[in-house]
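These notes concern the structure reproduced below.
All of the numbers you see were taken from the coordinates with simple rules; none came from a lab. Please read these numbers as outputs of a predicted model, since none were measured by experiment. Here Cβ is always computed from backbone atoms with ideal geometry, including for glycine, and neighbour counts include all displayed protein chains.
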Amino acid sequence: MTLSRKFTYSLELFGAYVLAILWILPLLYAFWAAFHSSSDAIHFDLTSPLTLDNFRKAINQAPFFQYGINTFLVVGFLLPLQLLVSTLAAYALVRFNFVGSKIAFALVLVQLMITPEILIVQNYGTLSKLGLVDTIAGIGLPYVASAFCIFLLRQTFKSIPKELEDAAELEGCGTMGILWRVYVPLAMPTYLAFSLVSISHHWNNFLWPLIITNSVETRPLTVGLGIFAAPESGVDWSVISAATILSIFPLLIAFLLFQKQFVQSFMHAGIK
Amino acid sequence: MKNSAKNIHGWLLFAPAAILLVAFTHYPTIATFINSLFSNQSVIRPSRFTGIDSYYMLFEDPVFWKVFVNNMWLALGTIPTSIGLAILMALIVNKAIPGRGFLRMSYFTPTMLPMIAVANIWLFFYAPDIGLIDKVLGIFGFDGHNWLGDPDTVLPAIIIMTVWKEAGFFMIFYLAGLQTISPELEEAAQLEGSSRWNYFWRIQFPLLLPTTLFVLINAFLNSFKLVDHLFVLTKGGPDNASNLILYYIYETAFSFLDISYASALTVFMLAMLAVTALAQFFFVEKRVHYR
């Protein structure tokens, strides 16, 4: 490397790090503020003492533990149902050339564009007729049939060689046996990819849960945090920071631990 | 397998998805359209057919035009900047440089945060006088400013926050795109003595065009769907300066309880999304086939 190339290289490296630090700084600041008293956070006093008071106050003022359980329940029930419904639908689309399967697929694709977020008004009406307002099931139900998941699985299933299927049939596998022993195992990367995308989406979802819930027993973390931090509630900065950290840390830790899988999942889901 | 058995099997497997999709996507889409043609039902007055009255109302509603224009400014302000930064980040992270893991993590982490948490964090930065931004500007002798309370600065403030949140997400798609470009091209360019700048503009950027169009359209759709932050930051204010279509729909339906008008607004938004999706289908799928 010549001297001038070495110089540009270090300059680029420096730029890359400046950008990275700039990008992570807002989050680091929220962390820092959560562990310091409000007045210290405002004056940005780096030598001020650490404290856990903010977390104590946040937990005392709002039931974040309950909110966390609710979020967990939503994600925990929704994901397996999404995978089940989508697997059956994708299998039907790929393997059974049933009458109307082309139209069926077109109807699936409609939901890629018209996501449930946009139909909040009408879906609220439907759920209140079903008596599911303010229930965990109500938060998840509109999302159970995921066009995105059906689409991803259909693409994956289509790439599975017919020979494998024939071999399984010879071995005595029935229709469901083939799905379970051939298709599902070979689509594992797709399942993982969709799962991570779905978990992060529904952990972070806000608007629909806000509309459909109105009690502590059902409210997920995002909605609890949104209500907690609304300007009119007049809570101080450091406590809001602590509440924010409380709400994001489970997903954030999962992300930091499985960073590679998360990034690859988003890539995988995006390319298809 | 016989054809009839195939049909029955196929439909049975597809049925759960079909029922749910119809119940929560197709039926509400059609019902929204029908509702927009009828007046609101109240205790004293039943709903009656009003035709396209609510669409007249829509076109004469200054707030509607305001939130629509806001949405367009938001898209214009966030998308090109986010895409530029995303390409830059992807180019950085795609190379074997020291601390690559840290860099990728820093760029991507905001994407993993819920928008509501992002809003909480940035609310503090934008706070007048005591917020971080005013503190920093104060060092240079600037006076404090109510960034979110001033109609002139509220939208730019939200744009900056959104860029921070989204650039890392788009980076992922560019990373995927970059990995499909053969490394031999770079070697060839180097042998020919082509500069890095030249290599980017002549080789990488054109080859990333399908990615750019994909990101462009998805970012555009996202800019209409993402309104969570308004609940914490501004509630659409001051004087609707930061209000967006979906938030306006929410207000109309759940605060003003005007289902008829909320339905008309929703139909408008659905039409916009449909046009975008069709553009994607015809423009992107048909024209961009480099690979």
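Overview of results
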| item | result |
| --- | --- |
| Anchor B:LYS225: aspartates and glutamates whose Cα lies under 18 Å away (excluding residues fewer than 8 positions away in-chain) | A:GLU117, B:GLU166, B:GLU251 |
| Ranked packing of A:27-36, A:176-185, most packed first, by mean Cβ within 10 Å | A:27-36, A:176-185 |
| Average beta carbon contacts from partner chains per residue of A:259-269, 10 Å cutoff | 4 |
| Spatial extent of chain B: Rg and Dmax, with the Cα atoms as the point set, Å | 24.0, 82 |
| For the range B:20-79 and the range A:117-183, distance of Cα centres in Å | 30 Å |
| Net charge, A:VAL182 excluded, C-beta distance under 13 Å - Lys, Arg +1, Asp, Glu -1 | -2 |
| Under 13 Å from the Cα of B:LYS66 - aspartates and glutamates, other chains or at least 8 residues apart | B:ASP239 |
| Mean projection area, nm², convex hull over Cα of the range B:58-202 | 13.0 nm² |
| Net length gained if the chain between B:PHE59 and B:GLN190 were fully extended (0.36 nm per residue, minus Cα distance) | 41.5 nm |
| Tensor-based shape of the range A:121-184 (alpha-carbon gyration tensor, a/c under 1.5 rounded, otherwise prolate or oblate) | prolate |
| For the range A:56-271: Kirkwood Rh in Å [reciprocal of mean 1/r, alpha carbons] | 19.3 Å |
| Fewest-first sequence of B:ASP239, B:ASP53 by Cβ atoms within 10 Å of each Cβ | B:ASP239, B:ASP53 |
| Set of lysines near B:LYS6 by C-alpha distance (under 16 Å), chain-local residues within fewer than 8 positions excluded | A:LYS102 |
| A:LEU28 paired with A:GLN259, simple spin-label distance in nm, labels 7 Å along Cα-to-beta-carbon | 1.4 nm |
| For the range A:193-199, Karplus couplings with θ = phi - 60° (6.51, -1.76, 1.60), whole Hz, Gly/Pro x | 4, 5, 4, 5, 5, 5, 4 |
| Whole-number D in µm²/s for the protein assembly as shown (Stokes-Einstein; Kirkwood sum over Cα pairs; 10 °C, 1.306 mPa s) | 62 µm²/s |
| Span per principal axis, largest first, for the Cα atoms of the range B:167-291 (Å) | 67, 32, 19 |
| Under-5 Å amide H pairs with A:THR51, H placed in peptide plane, nonlocal only | A:HIS36 |
| For B:PHE142, B:PHE124, order by how many other beta-carbon atoms lie within 10 Å, fewest first | B:PHE142, B:PHE124 |
| Rounded to whole Å, sorted largest first: equivalent-ellipsoid semi-axes of the range A:110-228, Cα gyration tensor | 37, 15, 13 |
| Long-range amide H partners of B:SER242 with built H, under 5 Å | B:GLY237 |
| Value of [θ]222 nm, deg cm²/dmol, for the protein assembly as shown, DSSP H segments ≥ 4, -39500 (n - 2.57) each, nearest 500 | -22000 deg cm²/dmol |
| Shape call, the range B:1-133: gyration tensor on alpha carbons, a/c limit 1.5 | oblate |
| Shielding by other protein chains, A:87-97, mean Cβ within 10 Å | 5 |
| Amide proton proximity set for B:PHE38, modelled H, under 5 Å, gap of 5+ | B:THR50 |
